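I have placed the structure first, in the form of structure tokens, so that the comments after it can refer back to it.
The values are calculated or read from the model by the stated rules, or taken from the named source; none is laboratory data. Remember, predicted model here, so these are calculated numbers, not experimental data. So basically every Cβ, Gly included, is an ideal-geometry build from the backbone, and we count neighbours across all protein chains shown. For the accessible areas, the whole protein counts, side chains as well, though only heavy atoms, and no ligand, DNA or RNA atoms are used. Shrake-Rupley method; radii C 1.70, N 1.55, O 1.52, S 1.80 Å.
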Amino acid sequence: MSIKAYAEAQGLEITSVNGLVAGHTCVEETWAAMQRAARFSGTPRLVGFSSIDTFPEVLWLAQRARETWEGVHIALGNAIATLNYERILRQHDCFDFVIVGDGELAFTKLALAVANDAAVDHVPGLARRDDQGHIVCSPATLVDLDELPRPARDELPTVLADGFAASVFSTRGCPYRCTFCGTGAMSAMFGRNSYRAKSVDAVVDEIEYLKSDFNLDFVFISDDLFVSKHPSSQQRAADFASTMLRRGIDINFMVDIRLDSVVDLDLYKHLHRAGLRRVFIGLETGSYDQLRAYRKQILNRGQDAADTVIALQRLGIEVIPGTIMFHPTVQPDELRETARLLRATRYTNAFKFLGRILPYPGTQLYQQYSDAGYLTSEWPLGQWDFVDPEATRVYQDIAGLIGPNPEITFDEAEAFFLARLDEWDELIAHRTAPVAS
């Protein structure tokens, strides 16, 4: 919707189709919606797709568009496209272009070039095949977020009617380089200045507009990282809270943070007064060593993540934990500790016990798993097997209980999970027991 708003501000006619918002259950429904849009607006000259973990569906839709609309140009964007533009253009000829990095300026300049049958060499961050079939990419431009128009809100009434929240973004990118994260990997491509923030006044203006025009009582600030431990970021968060309070904007909100973003509880008391009611924290795992393996250094050795979670809860802030339960070399002790963290957060969704890490192509984690021989399938998402066959059996048993049983309680799932870990521990003890001669 940000790309759409920017393109329309440049005089382009943009029609959007969002299968998620529309509640589509299959790609055929999305394709039918695209065809309806074309019948209403005319045969498209350019179709843009966005993909993170829906590449097979997007590929299917792109192939239908290629077969149906003669002369159409097709572009792909978002983190996975940015990280893998060469592979995509080499393997999938239905895509003419990949937008590398920010989409607003690049897609709009591309659309203007396509509409005017002009050259695309000047389009920043555009990967394509040249006349000899070689893959080339022009340097990307990092957009000043304060120069963007507010995102289009065409879809918001449907989002609200379905019981979901409106969202705004106040930053883009991430200053950290966790091995599993596509955002961090993409930020690394563009250097130290890739993590950018809107001005506090611009963010508060947009929230005030949403409050007044849509009568909202809750908004999600959808940044990958709203506040870091850096003093300037802490100050910006405090300024945001102060501005919300000074302007009397009565709305609750949610943000994403890291555990080490909680430097001073007074900041979170201030944010709570301004309306902060929920935070998402990527706790990932209860293992200090595994956190370091992920390059997610949010704890000192011996520090308990549960202490920070509980401190936030005592302020009246709900904590939604991000956890990575299973990875190729996971062992019972780590799983037990991660389950303990889940219990501490009071987040009682049993499906948390099924979490498996996803190695996104282009991330450090993906390369590590490939080098170690863990991957059983490399594209479009890395699929892996457990090193220990007993881990496979444990995961299958837990998935067999929880997966087909959406009504299962957290307590029931936890009891089974821990009992299954006890059995795994007994097997390990049996394996390592000395053999009498």
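Against the definition (modelled with pLDDT of 95 or more, closer than 24 Å to CYS181 by Cβ, assigned to a loop (DSSP other than H, G, I, E, B) and not basic (Lys, Arg)), how does VAL330 come out, yes or no?
Against the criterion (modelled with pLDDT of 95 or more, closer than 24 Å to CYS181 by Cβ, assigned to a loop (DSSP other than H, G, I, E, B) and not basic (Lys, Arg)), VAL330 qualifies.
For the structure I just gave you, tell me whether CYS174 is touching a Cys at 6+ places or on another chain (Cβ under 9 Å) and either in the same structural domain as PRO151 (by the TED database) or surrounded by fewer than 22 Cβ atoms within 10 Å (Cβ to Cβ) (or both).
Values: touching a Cys at 6+ places or on another chain (Cβ under 9 Å): yes; either in the same structural domain as PRO151 (by the TED database) or surrounded by fewer than 22 Cβ atoms within 10 Å (Cβ to Cβ) (or both): yes.
Spelling it out, CYS174 is indeed touching a Cys at 6+ places or on another chain (Cβ under 9 Å) and either in the same structural domain as PRO151 (by the TED database) or surrounded by fewer than 22 Cβ atoms within 10 Å (Cβ to Cβ) (or both).
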I'd like the full set of residues that are assigned to a loop (DSSP other than H, G, I, E, B) and farther than 19 Å from LEU89 by Cβ, limited to segment 21-69. GLY23, HIS24, THR25, CYS26, GLY42, THR43, PRO44, ARG45, ASP53, TRP69
Could you list, in sequence order, all residues of segment 88-111 that are within 26 Å of ALA9 (Cβ to Cβ), in contact (Cβ under 8 Å) with a residue 24 or more places away in the chain and over 24 Å from the mean Cα position of the chain (by Cα)? ASP96, LEU110, ALA111
Scanning segment 68-87 for residues that are more than 20 Å from the chain's Cα centre (by Cα) and farther than 14 Å from LEU46 by Cα gives GLU86, ARG87
Test for ILE249: is it open to solvent by less than 40 Å² (accessible area, probe 1.4 Å), among the aliphatic types (A, V, I, L, M) and within 26 Å of the chain's Cα centre (by Cα): no
The condition from (1) touching an Asp or Glu at 6+ places or on another chain (Cβ under 8 Å); (2) open to solvent by 40 Å² or more (accessible area, probe 1.4 Å) that ARG420 misses is numbered (2)
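Find the residue count for segment 358-397, including only residues that are hydroxyl-bearing (Ser, Thr, Tyr) and surrounded by fewer than 15 Cβ atoms within 10 Å (Cβ to Cβ). Spell out the reasoning first.
In the first step, residues of segment 358-397 are kept if they are hydroxyl-bearing (Ser, Thr, Tyr); the result is 360, 363, 366, 369-370, 374, 376-377, 392, 395.
With surrounded by fewer than 15 Cβ atoms within 10 Å (Cβ to Cβ) added as a condition, the list becomes 376-377, 392.
Of the residues in segment 358-397, 3 are hydroxyl-bearing (Ser, Thr, Tyr) and surrounded by fewer than 15 Cβ atoms within 10 Å (Cβ to Cβ).
Considering each residue of segment 345-402, count those that are under 18 Å from the mean Cα position of the chain (by Cα) and within 30 Å of MET189 (Cα to Cα), and give that number.
Taking segment 345-402 as the starting set, the residues that turn out to be under 18 Å from the mean Cα position of the chain (by Cα) are 352, 355-366, 380-382.
Now narrow it down to the ones that are within 30 Å of MET189 (Cα to Cα): 355-366, 380-382.
Residues in segment 345-402 being under 18 Å from the mean Cα position of the chain (by Cα) and within 30 Å of MET189 (Cα to Cα): 15 in total.
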Out of GLY316, GLY282, sole residue that is within 21 Å of PHE220 (Cβ to Cβ), modelled with pLDDT of 95 or more, of a type outside the set (A, V, I, L, M) and in a strand (DSSP E or B): GLY282
I'd like to check something: does segment 324-343 contain any residue that is of a type in the set (Lys, Arg), in contact with a strand residue (DSSP E or B) (Cβ under 7 Å, 6 or more places away or on another chain) and surrounded by fewer than 20 Cβ atoms within 10 Å (Cβ to Cβ)? no
With the condition kept exactly as written, say whether any residue in segment 348-357 is farther than 25 Å from ASP425 by Cβ, of a type in the set (Gly, Ala, Ser) and modelled with pLDDT of 95 or more. no
GLN297 vs. criteria surrounded by fewer than 18 Cβ atoms within 10 Å (Cβ to Cβ), not in a helix (DSSP H, G or I) and not aromatic (Phe, Trp, Tyr): yes
